[in-house]
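Since the structure comes first, as structure tokens, the remarks are kept for the end.
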Amino acid sequence: MFRFDHPDFEETTAREWLVTNGLGGYASATLSGANTRRYHGLLVAALDPPANRKVLVSKIEEKLNGFPLSANRFPGVIHPEGHQYLESFERDPLPRSVYRIPEGCLSKTVFMVHGMNATIVSYRNEGHSAVQLELMPLLVFRDFHTLFKADPEFDFYTEQTGTNRLKVYPCYGAQPLFIGFSDGKWSEKQDWYRNFEYGVEQERGLDYREDAKSIGAVNARVEPGEAVHLVFSLDQRAFDRTPEAWKKTELSRLQELRPKGAADPFLADLLTAGDQFIVSRQSTESYSVIAGYHWFADWGRDTMIAMRGLTVASGRQDISRSILRTFLNYLDGGMLPNRFPEQGGKPEYNSIDASLWLFVVLYEYHQQFRDTGFLEEVFPKLTDILEGHIHGTRYRIHETDEGLLSGGEGRSQLTWMDARVGDHAVTPRQGCPVEINALWYNALNIYLEFAGVLNKEVFGFDVLAKKVRKAFRQYFINEKGYLNDAVVPNESIDDTIRPNQLYALSLPFGLLTEKESRSVMAVIEQQLYTGLGLRSLSPDHPGFKGVYQGDQRSRDMAYHQGTVWAFLWSEYALARLKLDGYSVKSQQVVRDKMAALKAHFYESGCVYGIAEIFDGADPGPAKGCIQQAWSVGMLLKVMLEMAQMGASATGRKPVKRNSGRKAKNAAQ
């Protein structure tokens, strides 16, 4: 809980909160109540779940006995300054703010109805005397990537459809927004509020001023202990139950996500936070994973990596299977889609590794659930993937004569380091990147293991796996004690120190000796490791960018050139645990090293969230997305693996997480 004696606007605005609805929609704002991003809003609805997201309700201007509780930044002024009445904020598990004025105390709780584009805001009188509450919603109607300006076309035509319900049409032909209030009187008064300034957008070099429309206000007298609820929804079913009933249902749902008798509250809170990324995809009638809030949709690579912790390690078998089917339904040319566009249309296939990560996820899925029926179902598609990569697919992805996997043509950026500024590839990694070939080797060995489980013929894949291992060791291990980042066999070597070499240590099927692994780990710890993640480039490199800031070009130039990525911390932790045999001591070391990420989760950025990235020179304030799927998912995997391996104060013997036998076809 945050307690404030003298709340500062910048302090309370620097922290944010987020709640979601399982459809890709969300509500999000800062602790001060002032919006700082175009992505902030009390109802951001996913019209084609989880995509086509629109901001419909920007915020609510609130007054308690005439004292303004809201805050906004306008040109040259903060008005009103309601943040000064903020006494506390907590997530337990819903965002709850408490305001105190000389003659009153009010709590405000925000949540969404799961599976519905509906937000409920509850105000409860926590004082000893009746209070007068005025609540004025501010409405917009726009894609969440854009900003809204006053326009006579948007008249927000309003019908009062009952004593306590409104039906609002932002413009002619628009889907109506339903607004309900549990008590009080509605007073209609339309007006435009102009030039809200969003500081984060200004910092990012983007347009940052927005207008919003007021259509009136609710005025209610609230007795001590009583509450008033506002409901904003695109679905009239939101009014089939009382707000209190919806709140009880949501609290029960969130409680179910927490492991019973969990000894570690952080793990329980992380599981709750991780659920925010799991969404229903309308087009496939199945589950998917939002890569990050606020602006990412569901991406193939991100989904495969994140779900290792979000759904597989956490034991959510049905959801894991559904997500995998979502992406396998779009398998094409041996490739999984890397991105489903926000506005619909055909998926994009610009990823060399999403399909390879599928093998790792399926391996861990099988370890967790022993679901041979599902393996039998997907095995032919795994064969298609391998054959597609061997014989060649998009972007000149193919097997080289040496057995390595190569890809890239023209301006394509196929690995996770995919930033491009115009025609300039910031991190050109065409050819044979190190992590791609570690994944390639693992994909082949996992396929062989599955073939053993299912008693399938392997058609020479065992020979290829051995060939890959030999080539990997020949071309990636260098005399400097670490791994080259990318090679073109017999043509070029890029020995830049980047974190991608970590996967040769952390993935299930290793490629290095213990001595080699410890040498690589030493370089990573010396050059790349921070408490919040791994740098994407060594600080000693002349191209290192220590600060991620500025306009789009400046940010893209720094994105993979030193910027710290939180999800890589967990891959480092897995590699360290594996290297040390998951000993009790090594697990305690990992827990100790986790302290910075834990503090970030609870105390900075998005409260109960883990950001996408941090500055490389001095990792501090969160950058990029405020809540990133693979940042949360991979940390969950680390914590759940340690729990399963016996990482507890009891010091019990670790439990192995393998199939209990080696596949007869696995390459060594």
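Note down the net charge around residue 618, summing +1 for each Lys or Arg and -1 for each Asp or Glu among other residues with Cβ under 15 Å from its Cβ. Please list the in-between numbers first.
On the way: positive: 535, 545, 623; negative: 615.
Its environment carries a net charge of +2.
Per the 1.4 Å probe, what fraction of the accessible area of region 542-646, in percent, lies on carbon and sulfur atoms?
Numbers: 1740 of 3200 Å².
Looking at region 542-646 in its full context, I get 54 percent from C and S.
Given H placed on each backbone N at 1.01 Å, which residues far from residue 534 in sequence or on other chains put an amide H within less than 5 Å of it?
565, 568, 569
In whole Hz, what ³J(HN,Hα) sequence does region 299-305 give by Karplus (6.51, -1.76, 1.60; θ = phi - 60°), x for Gly and Pro?
10, x, 4, 4, 5, 4, 6
Going down the table (189/213; 108/189; 585/623), which pairs top 22 Å between alpha carbons?
108/189; 585/623
Can you give the local net charge around residue 433? Use residues other than it whose beta-carbon is closer than 11 angstrom to its beta-carbon, Lys and Arg +1, Asp and Glu -1.
Summing Lys/Arg as +1 and Asp/Glu as -1 gives -2.
With a cut-off of at most 16 other beta carbons within 10 Å, and DSSP calling the residue loop, which GluC sites (Glu not before Pro) in region 237-326 qualify? Please list them.
Numbers: sites: 244, 250, 256, 285; in loops: 285.
For GluC sites (Glu not before Pro) across region 237-326 that sit outside H, G, I, E and B with at most 16 neighbouring Cβ atoms in 10 Å, the list reads 285.
What is the percent of Cα-Cα separations in region 462-501 that go past 11 Å?
64 percent
Return the Cα extents of the chain along principal axes one, two and three, sorted largest first, each rounded to a whole Å.
The principal-axis extents, from largest down, are 77, 56, 46 Å.
Amide H to amide H, which residues 5 or more places from residue 292 or on other chains are under 5 Å from it, using H placed in the peptide plane?
Placed amide hydrogens put 629 under 5 Å from residue 292.
Could you go through region 449-463 in sequence order and give the Karplus-derived ³J(HN,Hα) for each residue, using 6.51 cos²θ - 1.76 cosθ + 1.60 with θ = phi - 60°, rounded to whole Hz, and x for Gly and Pro?
Per residue, the Karplus-derived 3J(HN,Hα) values read 5, 4, 4, x, 4, 9, 6, 9, 6, 10, 6, x, 5, 5, 5 Hz.
Please calculate how many Å² of accessible area the chain carries per residue, with a 1.4 Å probe and no DNA, RNA or ligand atoms counted.
Details: 25140 Å² over 668 residues.
Accessible area per residue: 38 Å².
Can you tell me the length gained on complete extension of the stretch residue 79 to residue 593, counting 0.36 nm per residue apart and subtracting the Cα distance? Mind dumping the intermediate values first?
Working: separation 514, 0.36 × 514 = 185.04 nm, distance 4.19 nm.
Extra length from residue 79 to residue 593 when fully extended: 180.9 nm.
Quick one: 3J(HN,Hα) in Hz for region 93-110, Karplus 6.51/-1.76/1.60 with θ = phi - 60°, rounded, Gly and Pro as x.
x, 8, x, 9, 10, 10, 10, 10, 10, x, 10, x, 9, 9, 9, 10, 10, 10
Which listed residue (379, 415, 397) has the Cα farthest towards the positive end of the charge dipole for region 367-460, taking +1 on Lys and Arg C-beta and -1 on Asp and Glu C-beta about the Cα centre?
Of the listed residues, the answer is 415.
Using Cα-Cα distances under 8 Å and only pairs 6 or more residues apart, what relative contact order does the chain have, in percent?
11 percent
Could you tell me the distance between the Cα centroids of region 50-77 and region 464-487, to the nearest Å?
About 55 Å separates the Cα centre of region 50-77 from the one of region 464-487.
Please report, in debye to the nearest 20, how large the charge dipole of region 438-551 is about its Cα centre when each Lys and Arg carries +1 at its beta carbon and each Asp and Glu carries -1 there.
Rounded to the nearest 20 debye, it is 240 debye.
Give 59/149; 346/381; 149/185 a once-over and call out the pairs whose C-alpha atoms are over 23 Å from each other.
149/185
When only DSSP loop residues count, what GluC sites (Glu not before Pro) in region 384-471 have their Cβ near at most 13 other Cβ atoms within 10 Å?
Listed in order of number, the matching sites are 409, 457.
Calculated FRET efficiency, residue 175 and residue 253, Cβ-Cβ r, R0 25 Å, to nearest 0.05?
0.45
About the Cα centre, and with charges only on the beta carbon of Lys, Arg (+1) and Asp, Glu (-1), how big is the dipole of the chain? Nearest 20 debye, please.
The dipole magnitude comes to about 1640 debye.
Relative contact order, percent, of region 373-528 when contacts are C-alpha pairs under 8 Å separated by at least 6 residues?
18 percent
Could you point to the residue in 161, 359, 303 farthest towards the positive end of the chain's charge dipole, with +1 and -1 charges on the Cβ of Lys/Arg and Asp/Glu respectively?
In the chain, that residue is 359.
Report, by chain and number, residues whose modeled amide H sits under 5 Å from the one on residue 286, excluding near sequence neighbours (fewer than 5 apart, same chain).
Correct list: 281.
List the trypsin sites (Lys or Arg not before Pro) in region 425-502 that DSSP assigns to loop (not H, G, I, E or B) and whose Cβ has at most 15 other Cβ atoms within 10 Å. Which are they?
Here the sparse-neighbourhood loop sites are 480.
With unit charges on the beta carbon (Lys/Arg positive, Asp/Glu negative), name the residue among 267, 280, 173 whose Cα is farthest towards the positive pole of the charge dipole of region 164-302.
173
Express the carbon and sulfur contribution to the solvent-accessible surface of region 31-158 as a percent, rounded to the nearest whole number, probe 1.4 angstrom. Could you put the intermediate results ahead of the total?
Working: 1930 of 4050 Å².
Looking at region 31-158 in its full context, I get 48 percent from C and S.
How high is the FRET efficiency between residue 242 and residue 369 when r is their beta carbon distance and R₀ equals 51 Å, given to the nearest 0.05?
0.85
Could you compute the FRET efficiency for residue 478 and residue 585, with r as their C-beta to C-beta distance and R0 at 22 Å, rounded to 0.05? Intermediate values should be presented prior to the final figure.
Values: r = 31 Å, r/R0 = 1.39.
Given R0 = 22 Å and the Cβ-Cβ separation, E is 0.10.
Kindly provide the helix-only [θ] at 222 nm of the chain, computed as the sum of -39,500 (n - 2.57) over DSSP H runs of four or more divided by all residues, to the nearest 500 deg cm²/dmol?
Details: 17 runs with 203 residues, N = 668.
It lands at -9500 deg cm²/dmol.
The values are calculated or read from the model by the stated rules, or taken from the named source; none is laboratory data. None of the values given here were measured: they were computed from a predicted structure. Here Cβ is always computed from backbone atoms with ideal geometry, including for glycine, and neighbour counts include all displayed protein chains. SASA here: full protein model, heavy atoms, side chains in, ligands and nucleic acids out. Shrake-Rupley method; radii C 1.70, N 1.55, O 1.52, S 1.80 Å.
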